[in-house]
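Data first, discussion second: the structure below is written as structure tokens.
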Amino acid sequence: MALKSLPKPRPPQAPPQKPPPGCFGYPISIFFIVVSEFCERFSYYGMRAVLVLYFKYFLDWNDDLSTAIFHTFVALCFLTPILGALIADSFLGKFKTIISLSIVYAVGQAVLSISSISELTDGDRNGIPDDINIHIALSMVGLVLIALGTGGIKPCVAAFGGDQFEDHQEKQRSTFFSIFYLSINAGSLISTIITPILRGKECGIHVKQKCYPLAFGVPAVLMAIALIVFIVGSRMYKKVKPQGNVMVQVAKCIAFSIKNRFRYRSKEYPKREHWLDWAREKYTKRLITEIKMVMRVLFLYIPIPMFWALFEQQGSRWTLQATTMDGDFGSVQIQPDQMQTVNPILIVIMLPVVDMAIYPLINKCCFNFTPLRKMTVGLLLAALAFIVAAVVQIEIDKTLPTFPELGESQIKVINLGNSNATVHFNTGTSVNVTSLKSTGYLSFDTADLNYINVTYGTETRSNQFAFVGKERHTLEITNVAGIQAELLVDGLTVKPEQGNNKIRFINSLNSTINITMDGINFGELMYFSATNYSSFQRGVKPIKVITDNQRCEAQSLPFGYGSAYTIIVKECNNTVLSVTYVEDIQANTFSMAWQIPQYFIITCGEVLFSVTGLSFSYEQAPNNMKSVLQAGWLLTVAIGNIVVLIIAGATTISKQWAEYVLFAGLLVALTIIFAIMAYFYTYVDPAEIEAQLVEEEKEEKKESIHENGTVPDAQTQM
């Protein structure tokens, strides 16, 4: 009789891992994760809030280039999560991935902050970098590192927090995710308020100007704090080893299916029900079925990037639109980049209102408001928001000055004489100018201008000047000590930047004077002379004028946003200063409050589309494929930003409102396509399908045992 082999002794089992220390049923480790996430989101959104204005005003890029680079950066931030997920799940694990990429992230923030220091290359100490290319290079390096860091840790942090809980702590885990996403919104909201204020401060070693180093430096410090806080809690974390990434398995299965299909494309091979069925020689029916479910949802994602193309322009085009508007809200002054805070504020308000009031009301009306219908309405609302933005832009354009085009000159006449004057241009135009008054800007073809005749009473003087095309000029005239005329080149061919006010002075006194306004000294100014323009922020400014024998003071009129004035010094008598204001460029008069409707509409669209879309994707995905759809969703955001690059670069639309209408029209067209696709979509229950697949696998095992007397191993199943 043959002896049975003795069973091998089992290796000693490791003692059960001691649960991490807790407080009120929650692991203490999640405190470090939540605080770290708050700091990281503060860092990212704070930096992003001022980024497009940094491009426009510090790097001196135009609106189109600023928009393009901004959306390139955002697209990169939403492409790198796929890389981060692969590194975490296949190589380093979540903890080491977060640590490694957070270091890269913090370095990138520091580099970006350094790049915004003008003194880095300001050898002549005029506040303007001598070599802007160095600053551009440092900025691009910093942004690439930030994109790699923020995108790389995006799929890891929330999942790492979920790993800290035991299987029986489902309720605590759910509460953690609520707190986690609250920290995200809190960080983004607070930073979007604070960093524009920091940017609005004036700082500098040689010349005071907008403080971008501080606006970028504070987020850099917050990212360093996020990294330190996360490391401090390292001993308390439950660290799960990498177990492979399902996206790799999905990619391999799809690649094998395509390869197999082309290998056996001859008609002698029978057709299969689905192209993914060509992978069943190597992969299980369960995996193939799950990938089919995922592909059906991903197919619906095709029109979705257009929503993000519109939504993400809150940080670019809409912020640039706000720079041409009035930020005066009574006692509160709003910076253009602070208008982005309207979105997170409305999200906090709208989410509970929609969930607890709007949706129940629609259900009572017996309307089946399915997730895909909600998403369709959300897409239409985003398009409507851009129509509203276009209307707002049309109203803004009405308040903007008309600047000279190529080959055109604009001339304003200021009469500093003691009587009325008549100015005749050789083109046939004549204007009468009262003493110490001015005309508006008159437009001429530069090639037609030759001479100008100035007449006071019966005396006339002819003057010839060299006119510059695509430029504004001021013609000073006077009859004191004979008729004189001088042509000034104003240089005002665009609105003053960053809401500043351009101010210059003209001396109509018979003596040389020294002028100071708000601490800025314009130097000595002779009669019939003008200073250069200097920039001032909004508000009332003190003006001091010193003559040979006395000193006079006055308060300026309250300056608004983006104006330009020529101030004529008329009289300095017994410490009382008398001046006349000539408006060269009108201040922004269209309030930023008019942007609130478009923010409200697009936020409603976000609630209906984005929140519903994430929930729909989660519910329609098998348990082990949810990360694949999450990656697909993030990819649509990246593609949406790339769409902005393509459209902004390919179109030659000169009017901004027309570009808004173009984006709205494209989204409406794609919404129609999405609605048709959604109409034919059949909702599934992944849990039910997975249960059927499990039962089928059990039946196959039973049949295999019955036929062969053996249990099929994993390799056979694969």
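The values are calculated or read from the model by the stated rules, or taken from the named source; none is laboratory data. Worth saying up front: this structure is predicted, and the values here are computed from it rather than measured. Here the Cβ positions follow ideal geometry from the backbone for every residue, glycine too, while neighbour counts run over all protein chains shown. Heavy atoms of the whole protein, side chains included, go into the accessibility calculation; ligands, DNA and RNA do not. Shrake-Rupley method; radii C 1.70, N 1.55, O 1.52, S 1.80 Å.
Okay, helix-only estimate at 222 nm for the chain: each DSSP H run of n ≥ 4 adds -39500 (n - 2.57), divide by all residues, round to 500 deg cm²/dmol; what do you get?
Roughly -16500 deg cm²/dmol at 222 nm, from the helical runs in the chain.
Quick one: with all protein chains in place, what share of the accessible area of the chain is carbon or sulfur, to the nearest percent (1.4 Å probe)?
Working: 20860 of 34860 Å².
After summing per-atom areas, the C and S share lands at 60 percent.
Using packing as a proxy for protection, rank 266-276, 317-327 so that the peptide with the highest average count of other Cβ atoms within 10 Å comes first.
317-327, 266-276
Of K201/K470; K154/K259; K412/K502; K56/K208; K238/K292; K252/K702, which pairs sit farther than 25 Å apart, going by alpha carbon to alpha carbon?
K201/K470; K154/K259; K238/K292; K252/K702
In degrees, nearest 10, range 0 to 90: what is the angle between the Cα axis of helix 342-353 and the longest Cα principal axis of the chain?
Approximately 40 degrees, to the nearest ten.
Evaluate Rg over Rh across the stretch 314-369, taking Cα atoms for both radii and Kirkwood's formula for Rh.
1.23
Taking only protein heavy atoms into account and a 1.4 Å probe, give the accessible area per residue of the stretch 284-422 in Å².
Numbers: 5490 Å² over 139 residues.
For the stretch 284-422, the solvent-accessible area averages 40 Å² per residue.
Leaving out ligands, DNA and RNA but keeping every protein chain, what accessible area does M236 have, in Å² rounded to the nearest 10, with a 1.4 Å probe?
Accessible area, nearest 10 Å²: 60 Å².
Choose one of L298, S615, F91: the residue whose Cα lies farthest towards the positive end of the charge dipole of the chain (beta-carbon charges +1 Lys, Arg; -1 Asp, Glu; about the Cα centre).
Value computed over the given set: F91.
For the chain, find the longest principal axis of its Cα atoms and tell me its angle to the long axis of helix 132-163, 0 to 90°, nearest 10.
Orientation of helix 132-163: about 30 degrees from the principal axis.
Counting only heavy atoms of the protein chains, get the accessible area per residue of the stretch 470-530 (1.4 Å probe) and round it to a whole Å² value. Provide the component values of the computation, followed by the final result.
Numbers: 2280 Å² over 61 residues.
Value returned for the stretch 470-530: 37 Å² of accessible area per residue.
What is the log10 of I(q)/I(0) for the stretch 92-160, computed with the Debye formula using one identical point scatterer on each Cα and no solvent, at q = 0.15, 0.17, 0.26 Å⁻¹?
Debye curve over Cα of the stretch 92-160, log10 I(q)/I(0) at q = 0.15, 0.17, 0.26 Å⁻¹: -0.54, -0.62, -0.99.
In what sequence, highest mean first, do 425-435, 340-350, 302-312, 645-655 appear when ranked by Cβ atoms within 10 angstrom?
Values: 425-435: 14.1, 340-350: 18.1, 302-312: 23.0, 645-655: 12.0.
Output ranking for 425-435, 340-350, 302-312, 645-655: 302-312, 340-350, 425-435, 645-655.
Could you report the stretch 582-629's accessible area per residue, 1.4 Å probe, as an integer in Å²?
35
On a 0 to 90° scale, report how tilted helix 246-263 is relative to the longest principal axis of the chain, with both axes built from alpha carbons and the result rounded to the nearest 10.
Orientation of helix 246-263: about 80 degrees from the principal axis.
What whole-number volume per residue, in cubic angstrom, does the convex hull of the C-alpha atoms of the stretch 279-326 give?
Hull volume normalised by residue count: 85 Å³.
Report the Cα-based extents of the stretch 186-326 along its three principal axes, largest first, to the nearest Å.
80, 49, 28
Give me the net charge for the shell around R125: Cβ to Cβ below 15 angstrom, other residues only, Lys and Arg +1, Asp and Glu -1.
For residues surrounding R125, the net value is -4.
So for the chain: antiparallel DSSP bridges make up what percent, rounded to the nearest 5?
On the way: 59 of 74 bridges.
The antiparallel fraction comes to roughly 80 percent.
When the Cα centres of the stretch 281-339 and the stretch 398-427 are compared, how far apart do they sit, in Å?
The stretch 281-339 and the stretch 398-427 have Cα centres spaced 47 Å from each other.
Quick one: P(r) of the stretch 364-457 from all Cα-Cα pairs, 10 Å bins, percents rounded to integers, in order of increasing distance.
Final binned percentages: 13, 24, 18, 12, 10, 9, 9, 5, 0.
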